[in-house]
Structures are given as structure tokens and as C-alpha cells.
Amino acid sequence: MSLFRIFVNQLEEDDEDMSQATSKKVITREEWEKKLNAVKLRKEDMNTLVMNFLVTEGYVEAAEKFQRESGTKPEIDLATITDRMAVKKAVQNGNVEDAIEKVNDLNPEILDTNPELFFHLQQQRLIELIRQGRTEEALEFAQEELAPRGEENQAFLEELEKTVALLVFEDASTCPVKELLDISHRLKTASEVNAAILTSQSHEKDPKLPSLLKMLIWAQNQLDEKAVYPHINDLSTGQLEDPSV
Amino acid sequence: MPTTTTSAASSSSSTASASGNNSNRQADVFSRLASSDPEVKLKALREVKNQIIGNRTKKLSFLKLGAVPAIASALADADDSEKCNNILVQSAAALGSFACGFEAGVQAVLDAGVFPRLLRLLTNPDEKVVDAGARSLRMIFQSNQAPKYDFLQEKNMEFLFSLLNSENENVSGLGASIIAHACGTSVEQRVLCEAGVLEKLVILLDGSLSQREACLESLATVLKNNPEAVSDFVGLESGRHLNSVTELTKDRYPRTRLLSCLCLVVIYNTSPSYFVNMGTKSGLITTLLELLNDPGQSGDDAALGLSCLIAGKEDLQKLAYEANAIKNIVDILKTDSELQTKRLQGLFLSLAELCSKLEDCRCSFVSLQVLDLLINALRHKDADVKAAACICLRNASRSVKNLSAGRFNSDHVMLPLVQLLHDPSSSVQVAVLGALSNIVLDFSSPKSSFIEFGGIKQLIELSKSMDPDARCSALRALRNLMFLADNKRKELFISDVNAQGFACLISDPEPPVQEQALALLRNLVDGCISSIEFVFDEDGLILDTVGRQLRKGPQAHMAIQGMYVLTNVASGTELHKEAVMQQLFPQATGSENFMLKFLQSDESQLRSATVWTIINLISPSSPGAYDRHVKLRSAGIIPQLKNMVNDACLDVKIRIKTVLGQSMSFGDNY
């Protein structure tokens, strides 16, 4: 009997919570700022975040200057960043052969153990040849360098066929796979190489800062269900905006 | 896209030079490799290196043209002075690339005799040279063709430890790689442990990604099947490192997760007592199951790792079953048609292990419409895949429920199985025989597609194989095929076999083969009286052979089958019974009667079989029973039976009661 009573009481309490849930707790800007100020952060942690961002993205000079001014130690040798950035830049400029040579100088294992990356670099080379109108060379290149890769792997073959389709269309703008000619494709390939180099250096390929910001947005979404409070809506400014009541 | 005549003219000329260009360029690079001008040589080396990295086709074509010896010369000719550093780096890198994942390349590099030169690069003052040397050596050591590393030589041990102690990541990684791939025997494991290799390796666990991975691989090699080594490892800093390895099974990189799992599998298989915690066991299984979905080599290795882990362990098989392993694996097999052979083998072996003891697993597996999957695997070109699929089928068909429902007896399944009996690989033969041994026990339909496909002839052929496992397995399959068989089926066998050949099998050098041959014979002479005639072919050659084998004092397993043969023969006519007596009491006396020995055996089945023979020999309905009884009594056999009235085995006790009852009817009173 007493168990039943406890159970009923529990139900009653739940009912109270439910009625409260419909009206969320309101937190004013003043209260919110007070709460935020109570959170202690270490300067060193923030410096590390900034350094991590500069290093991962490859801003060598900025990283060097930041090191001098803040005394923060970079997590990897800045010289390797220079090499890595040279590779990235070469791809972004469409000099894929040059990029390949640089990667091989940095670490010959990367392309030897990453068939997908190697294929994408070769594919980018083909795209550049097509872009320059060097059709015969492009065909020969596709035949000699890319066709064997396609034989080894079904997925590669499909991508190869898509790329070769660029040659079929007189007017590139009508081609269904024209996005391959886009500069964004170069950037995609460049990013892939960058990530592979970072991994080979045992460095994480993504900076921490974006993860923190994503966490912030997620946390705000979660909190939205329970409270009304000042949001950060513009990540680039970090400005607190009053809750709309 | 330009298609005008002008570009056509230029493109045709460029095509002409382009097609000739390639082979010209390749031939040209060789002359430049041999150039005395270091600048020219360097450029040629870089060119070859950049062409072959990542490109297996180019590696092959350069290899055929003799690039490796040419590059090896360039390396050998360069001295250790600073100005040659670039040449050292580029040639080492090129050789390393040839050796990377390419067995023919490794072979060529070793054949070129450049291995010692590469080793010397490790002591070069220039860091880049050291890196290049260490990398290429590591590639070589990942191959099975790597030179044997003699860990027992002190000099080699010192060198190995100097590598492990190095600050350079590539060099310490090389040290770990050498251990991972060259350490084979327990003596080597012990020598390494005593020299303190475990303490060195665990430092690498806290290092960079490649150091961690190299460490995990080498740990697995040093600890494998060596309880002492495992105990040393777990003892280091009170189990801290075992915890580290367990933590690494949750690492972000799949290869790290895989290698740490494989390390734990090795430790578990060697010393399971360190895994008291259920959570670790299920965690390990779940991680391996997740890794099965990894598209790269990690997935391949995970499949084999899983089969290794659960092999023979019912508790782990149950955990895996509860973690939905069967459905997951079958899904992978069904959705991905282009799986690597190693992964296919691993997946089928895992399924085989899951079905080995647990009926729930077998039923679950069969219910997932897997026959087509199995049939495709049976037709695969790789022997390991075919064998794994057969073992899987063998274990699944242990399910009496599914077997008797005829799930394995369709023509669809039977045809590829019979075809595999012709397979050149003996491991495939043994595996398919295992599967067939079970499947032929399906009595659900009167027709046997196996026999219709000419299976019996093949089994007879295989019973004459050079490989004793194949002979044994073929006979087992025949034995099962002839179990409770009608005369028609027995005829199909007997008509293709001669007594001489069969007698050879009964006296085969391998005892397991003898046992199966006798068991087959037992089934052949079981049933109606006419089937007994087979043992009398060619002047009773087969019966004589059986008798001779029994008199040799064989192991119990063989003796049991032999006695049941005699039992069945003795169930026949007067002539048959007398023939059995001839075998039991041959002219040349002096040796102790083997029946007495058998009656005193620890094996209850042997005692039982012997008593049965006696029952049939003196069954009162036959005319010569009385005389045979006299003979048995005077040979001390009936008195022996009287001592056994309280035999521990109920079956034996009951049979003895029958004999003594028969004995009394001959006027024997006590």
C-alpha cells in the first residue's frame, strides 16, 4: 500500500514539472553575463587553441609571430608546415605534378600507402590537362596513368569515367560533370592532401576551434528547450543578443 | 574543345612523339641513372621515384627494365660525404617505394644486394638520409621475404636496441617492425624479453601514431603463445600497459583500434585469466565487429582476428551471437560484392566458429537465406575462401534440425561441393569432405543428389590420396554415406573398389585412416546378410586383414570399429560365424587372446563391442553355437565375463547378462 502511495506521489510531482515545462525559465542579460563571468578560463588554453588553429590551417608566419609574442609553443615543427603549405598551394594553383613531387620529398610513404589520395591527385592532373585544352595529352595520360587504377578498383573506374566525360562535351558549361572543372574541386583535393600529410605527422587533421563552436551551438539548442537566455547568434562577433520574450 | 585542322596537325605529331615518348623516356632515364654527373643522376633518380610512388603498374614496368640494380649501383657508388646526401636520399626512397607492398620489388631490392648499404645509412649524420634509409628498411621488413634476423646474436640485439632507443620516429619504428615481422620462435621471444624489449616497446605506446602502431604489432608478436612473456608484460607497472592497450581499442584511428584488438586477442588466447572482466571481452568483440565495416586492410585483418578470438570458445561465441555478429557479417557479405579474399576468408571462418557449437547460431545463420552466399564462395578462385566456406557449411550442417529439413541437400548446393572434390588444393579437399560428411547424413529424401552427381567415385579416388588427412576425411564421408544404406547404395561403392585396395586402407600407416576404414566396413556389412560377402572377396582378404590388425594390439578407437565389424559378420550364417572364430583363434597360438585384453579395456565401448561379438557367436539358434561356446570357455573368455557381471557401464552389464543367459542354456551353471 505504501509503495502505491509513493508511486502516486511521484505522479503528482511529475504533473507539477509538466506544468512548469510549458513556461521556460527566463534569464536576463545581466544574470547571464554574471554567470559567464564566474567561469574561469586560462589564457594558456586559449593561446593553445589559437596556435592549434594557425598550425593546422598552415599559417606559418602568423604562427611564428604568435609564438614570439605569446610564448606559446607550436605543437609541431613549423618547418614542416612550410613544406605542407607549399604542397597545398601547388594543388590550389593547379600544379599537381609539382605538388606530387613535394609530397614525395616530404614523405614518400604517403602516396604509396594512400591509393585513394593518389588517384584523386592523378585525377586532378587530368582535369588540369583538360582545362588547358591539351586533349591528346589528356587522353594519353588517362590511358597510361589512370586506366590501370580504374582496373584495380571499381569506385576509381567510375570517377575516371566521369572525368573523361569532360572531354566529350564541346562546351564545358553543358557538361553534367562540369563541377569537376570548378576551382572548388582543386580546393577539395588540396584539403585531402593536407589532411594526409597531417595524419602522417601524427597531427590531428582538424583544428579544435570549429569543434568548440559546434559544441556551443549544440549546447544552445539543448538549453533552448529549458530556458530563455541571451544567445550568441553570430559566431564571428560572439555578441550576446537579448532573448526575444 | 579545339578540333580544328591546325590542332589536328599538331596533335598528330604530338601523338607520334608521345607514344614513342614513353619508352624513349624510360630508356633514356637509365642512361642518365648511370651518368657520372651527379646532377644528372640525381634528376634521373627523382624522376623514377616520382613515377613509381603510388603506381604499381609503373613499379612493375621499371622493375622489368632493371631499374632496381641500376638504382642500387647509384646508391652503392655514392659515398658518405655530404654532397652525396641527395643521391642517398633519393635512391633509398626509390628502393623503398619498390619494396612498398610489392613482393616482386622486395625480391629485386634484396637480390641487388643493397641491404647492407641501406643499413649503413642509419648511422649517417644527416637526418634526412637516416629517415630515407629507415623507411626503406621498414618496407622490406614488412614482407615475408625479409632476411631472417638472428635475435640470438648479441651484436644483432645491440643493434636492435640502438634502433629502439633512437629519437628518430622512423628508426624506432624500424626496430619495432623488425621484431614484429622477424620474431618467430619462443626462444627468440624469451631472449627479447630477457634483454628488456618489453620496457622499450611500451615507451612507444605513448609516442606518435606510427610508433604506437609499430609497438602494438611487435607486442603481439613477442607475446603470442608465450605465457611467460604475457605475464612479464602484464607485470610491468602493475598492469598499466595492459590498460593502455585496452584503452587504445577506443582510439580514433581504425588501424590503432585494430592492432590493439589483435594484441588483446593474442593475450587472451595465451593467458585468458587476465580477462576476468566480462566487459573487456564483450568490448573486444564489439570493436572487432565494428571494424569489419572498415573498407581498408583493417577490415580484412579484423575478420581474421575475430575468428581467431572466438575459435573453440563457446562463451565468446555466445557473446558474439548476442552482439548480433551473425546478422552483421551476413549483411556485409550480401551488400559488398567486391570483398578482398583475406576478408572473405576471415568472415566465413568467423561464421564457421560461431556455428561450431551453438545450435542457436546455426539456426540463425541458416534462416538468413545464406545458401547463395555460400555457393558463390564455393566457386571463388582463392583456395582459402573455398575452404573457409566449406568449413562454415560443415559446422552449419551440424544442426540436426536444419539437416533433416533438407536445407543442405539441394542440387544447387551439392553440385559445387562435388566439383570441389576435384580441387587441386588439399586443404580445400579436406574441408569439402568435412562438409559432405555431415550433409550426406540427410535422410529426408530418398534421392541423393550427391550420388547422382557421381560423388562416390570421387570419394573413392580421394581415399587413395597422398595426403593422410584427405584419405581419412574421404573415408569418413563414405562411412556416413553407407550408414544404414540399402544394398543398391552399397553396391555402388563395392563395385568400384577391390578387396586389395580396401585391405590397404585398413592397414594404412596412419591410425586415424585405419579407424575410418574399419568404421566404413562396419557400416557396409551391417544390415542384411548378403552385404557380409564383401569381406570374403579374394579369399577373405579383408576379413584376414581385420583380424591381423586386431591381433597387433591397436588403439581403442580402431579396435572398437574392428570388433563391430566382427560383430556384424558374426550375425550372419554359420559359415560367417566360423570365419570369425578363425580370426579370433588363428592356428598359430601362443599369443594372448586379444579379446581378453579388450574385455579388460578402460573403454566401455570396446568392452561392449567385444561382448556383442560373443553374443552373436553363441546365439543358440545356430548349429555350431555349442562348440563355439566350448572354445570360448576354454580360452578363458566366458569366465572373464562372469567376473564382469557388475561392470560399471550399464550397456556392458546388460550384454553380459545376455551372454551368461546363453551360456546357461548350454548347461553352464555358475
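The values are calculated or read from the model by the stated rules, or taken from the named source; none is laboratory data. Keep in mind that what you see is a predicted model, and the values were worked out from it rather than measured. Please note: Cβ atoms are built from the backbone with ideal geometry, for glycine as well, and neighbour counts cover all protein chains shown.
Values computed for the structure shown
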| read-out | value |
| --- | --- |
| Entirely in the range B:498-585, the helices (runs of 4 or more DSSP H) that have 1 or more residues that are closer than 21 Å to B:Asn487 by Cβ and aromatic (Phe, Trp, Tyr) | B:499-506, B:556-569 |
| Unique match (being at positive phi and over 26 Å from the mean Cα position of the chain (by Cα)) among B:Gly235, B:Gly239, B:Gly283, B:Gly279 | B:Gly239 |
| So A:Leu117, is it within 20 Å of A:His185 (Cα to Cα) and either without any contact (Cβ under 8 Å) to a residue 40 or more places away in the chain or in contact with a helix residue (DSSP H, G or I) (Cβ under 6 Å, 6 or more places away or on another chain) (or both) | yes |
| Test for B:Leu242: is it crowded, with 19+ Cβ neighbours inside 10 Å, among the hydrophobic types (A, V, I, L, M, F, W, C) and over 25 Å from A:Asp206 (Cα atoms) | yes |
| Qualifying positions in the range A:97-106 - at the interface with chain B (Cβ under 9 Å from one of its Cβ atoms) and under 23 Å from the mean Cα position of the chain (by Cα) | A:Ile100, A:Val103 |
| Of the criteria (1) more than 12 Å from every other protein chain (Cβ to nearest Cβ); (2) touching a residue at least 60 places away in the same chain (Cβ under 8 Å); (3) surrounded by fewer than 19 Cβ atoms within 10 Å (Cβ to Cβ), which one A:Thr82 fails | (2) |
| Residues within the range B:87-103 that are farther than 14 Å from B:Val130 by Cβ and either at the interface with another protein chain (Cβ under 7 Å from one of its Cβ atoms) or small (Gly, Ala, Ser) (or both), tallied | 6 |
| Residues located in the range B:248-294, provided they are of a type in the set (Phe, Trp, Tyr) and at pLDDT below 90 | B:Tyr253, B:Tyr274, B:Phe275 |
| Wholly enclosed helices (runs of 4 or more DSSP H) of the range B:117-204 bearing at least 1 residues touching a Cys at 6+ places or on another chain (Cβ under 9 Å) and modelled with pLDDT of 90 or more | B:127-141, B:169-182, B:186-194 |
| Filter pass, A:Gly133 being more than 10 Å from chain B (Cβ to nearest Cβ), out of contact with any Asp or Glu (no Cβ under 7 Å at 6 or more places or on another chain) and not hydrophobic (A, V, I, L, M, F, W, C) | no |
| A:Ala195, sole failed condition from (1) surrounded by 15 or more Cβ atoms within 10 Å (Cβ to Cβ); (2) of a type outside the set (Ser, Thr, Tyr); (3) in contact with a helix residue (DSSP H, G or I) (Cβ under 6 Å, 6 or more places away or on another chain) | (3) |
| Single unsatisfied condition, A:Thr113 versus (1) within 24 Å of the chain's Cα centre (by Cα); (2) among the polar types (S, T, N, Q); (3) over 24 Å from B:Arg135 (Cβ atoms) | (3) |
| Unique match (being of a type outside the set (D, E, K, R) and in contact with an Asp or Glu (Cβ under 7 Å, 6 or more places away or on another chain)) among B:Met563, B:Met558 | B:Met558 |
| Qualifying residue in the range B:45-64 (condition: over 26 Å from A:Phe119 (Cβ atoms) and hydroxyl-bearing (Ser, Thr, Tyr)) | no |
| Residue that is nearest to the other protein chains (Cβ to nearest Cβ) [pool: residues in the range A:199-240 that are among the β-branched types (Val, Ile, Thr) and either touching a residue at least 40 places away in the same chain (Cβ under 8 Å) or in contact with a helix residue (DSSP H, G or I) (Cβ under 8 Å, 6 or more places away or on another chain) (or both)] | A:Thr199 |
| Check on A:Val87, more than 9 Å from every other protein chain (Cβ to nearest Cβ), in contact with a Lys or Arg (Cβ under 6 Å, 6 or more places away or on another chain), within 22 Å of A:Leu167 (Cα to Cα) and surrounded by 17 or more Cβ atoms within 10 Å (Cβ to Cβ) | no |
| When residues of the range B:48-76 are limited to those that are within 12 Å of chain A (Cβ to nearest Cβ) and surrounded by fewer than 19 Cβ atoms within 10 Å (Cβ to Cβ), the one farthest from B:Ser91 (Cα to Cα) | B:Thr57 |
| Answer residue from the range A:136-156, given it is touching a Pro at 6+ places or on another chain (Cβ under 9 Å) and closer than 18 Å to A:Val193 by Cβ and is nearest to the other protein chains (Cβ to nearest Cβ) among those | A:Arg149 |
| Identity of the residue in the range B:216-228, over 13 Å from B:Leu248 (Cβ atoms) and within 25 Å of the chain's Cα centre (by Cα), that ends up nearest to the other protein chains (Cβ to nearest Cβ) | B:Ser218 |
| Among (1) buried (at least 19 other Cβ atoms within 10 Å of the Cβ); (2) at pLDDT below 90 - the single one B:Gly553 does not satisfy | (1) |
| Options A:Gly71, A:Gly94; residue that is away from chain B (no Cβ under 14 Å) and either within 23 Å of A:Val177 (Cα to Cα) or at pLDDT 95 or above (or both) | A:Gly94 |
| Of all residues in the range A:74-91 being touching a helix residue (DSSP H, G or I) at 6+ places or on another chain (Cβ under 7 Å) and among the basic types (Lys, Arg), the one that is nearest to A:Leu180 (Cα to Cα) | A:Lys88 |
| In the range B:185-215, residue surrounded by the most Cβ atoms within 10 Å (Cβ to Cβ) [restricted to those that are of a type outside the set (A, V, I, L, M) and within 14 Å of chain A (Cβ to nearest Cβ)] | B:Cys215 |
| Conditions (1) under 25 Å from B:Phe536 (Cα atoms); (2) assigned to a loop (DSSP other than H, G, I, E, B); (3) touching a residue at least 40 places away in the same chain (Cβ under 8 Å); (4) of a type outside the set (S, T, N, Q); number of the one not met by B:Asp647 | (1) |
| Helices (runs of 4 or more DSSP H) completely within the range B:40-99 that count 2 or more residues being over 37 Å from the mean Cα position of the chain (by Cα) and in the same structural domain as B:Phe115 (by TED's automatic domain parsing) | B:67-77, B:85-99 |
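Matching residues to (1) farther than 22 Å from B:Val565 by Cα; (2) touching an Asp or Glu at 6+ places or on another chain (Cβ under 8 Å); (3) β-branched (Val, Ile, Thr); (4) not in a helix (DSSP H, G or I):
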site: B:Gln605; (1), (2), (3), (4): no, no, no, no
site: B:Ser608; (1), (2), (3), (4): no, yes, no, no
site: B:Trp612; (1), (2), (3), (4): no, no, no, no
site: B:Ser622; (1), (2), (3), (4): no, yes, no, yes
site: B:Leu632; (1), (2), (3), (4): no, no, no, no
site: B:Lys653; (1), (2), (3), (4): no, yes, no, no
site: B:Gln662; (1), (2), (3), (4): no, no, no, no
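Residue-by-condition table, conditions (1) free of Cβ contacts under 8 Å to residues at least 40 places away in the same chain; (2) surrounded by fewer than 24 Cβ atoms within 10 Å (Cβ to Cβ); (3) within 22 Å of B:Val430 (Cβ to Cβ):
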{"site": "B:Lys313", "(1), (2), (3)": "yes, yes, no"}
{"site": "B:Leu316", "(1), (2), (3)": "yes, yes, no"}
{"site": "B:Ala320", "(1), (2), (3)": "yes, no, no"}
{"site": "B:Val330", "(1), (2), (3)": "no, yes, no"}
{"site": "B:Ser337", "(1), (2), (3)": "yes, yes, no"}
{"site": "B:Phe348", "(1), (2), (3)": "no, no, yes"}
{"site": "B:Ser356", "(1), (2), (3)": "no, yes, yes"}
{"site": "B:Arg379", "(1), (2), (3)": "yes, yes, yes"}
